[in-house]
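The values are calculated or read from the model by the stated rules, or taken from the named source; none is laboratory data. Nothing here was measured: the structure is a model prediction, and the numbers come from that model. Don't worry about glycine lacking a Cβ; one is built from the backbone with ideal geometry, like all the others, and counts go over all protein chains shown. Heads up: the accessible areas ignore ligands, DNA and RNA and are worked out on the full protein's heavy atoms, side chains in. Shrake-Rupley method; radii C 1.70, N 1.55, O 1.52, S 1.80 Å.
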Amino acid sequence: GVKYFRIVKLQVMASKDRILRLKEETRSNILEAALKIGKEEGWQALSMRKIADKIDYTAPIIYEYFSNKDDLLSELTRKGFSILSLKMQEAKAKHRLPAKQLEAMWMAYWHFAFAEREFYQLMYGVEMNCCMTQMTLSDDIVPPADLIWEVMEELTKDKNPTEDYICKWYYTFWSVVHGLISINIVRQGVLDKMNKQVLSNALTGIINRLTS
C-alpha cells in the first residue's frame, strides 16, 4: 500500500512538473511571437489577435498569460532591461579603472540599442508612445542606471559627491548617448565611423569634466 501511494505521488509530481513546463513554454512562445511581429512590422502593429494567429493559438489562451497588450509589452521591456544589464556588466568586468568601466558600459549600451533595436524602442520610447525607464526587475538583475550610478560614485569618491551631483552627470551622459541613438534610429544615413567618433569624444569629455 505504501509503495502504491509513493508511485501515485511521484506520478502527480511529474504531471505537475510537465504542466509547469508546458505553461512556461507557451508563455515563451507568446513573447517570441510578439517580438517577431515587432521586428517585422513595428510595435504599433502588434495585437493579441495577431500573436494568436502567428503561433496558432486562440486569443483566449493569450489572455490567460497576459491580461492585455500593455502587460505583454511590460514583460518584454523587463527582458530587454535584463539583457542590457548583463551586456553592461560584461563590459564593466573587462576593465579595472572606473573611467574605463564607465566608457565601456556606455559603449555596450550604444551597441545594444542597435543590436536589439526593437527592445530599445520599447524600453526608451523611441517612436513609441510609452517610455518605461524604470522597471521592477528580478533580484539577480541590476538596473542599468544603477550600474552606471555605482561606477560614477566610485570615480568621484574623492569629491564626496552629493546625490544631485551624480544625478546631474548621469543625465548628461544619458542625454548625449540616448539622443545620438534616437537620431540614428529615426534618421538613417550617418556613417558608423562618424557616430562612434562623436560618441567617444562625448564620453571622454564628460568623464574628464566629471573627474576634474
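Before moving on, here are some points about what is shown:
- Glu40 paired with Val186, simple spin-label distance in nm, labels 7 Å along Cα-to-beta-carbon: 2.9
- With Cα atoms as the point set, the radius of gyration and Dmax of the stretch 18-107 evaluate to 17.4, 53 Å.
- Residues Ser85, Ser212 ordered from highest to lowest accessible area at a 1.4 Å probe: Ser212, Ser85.
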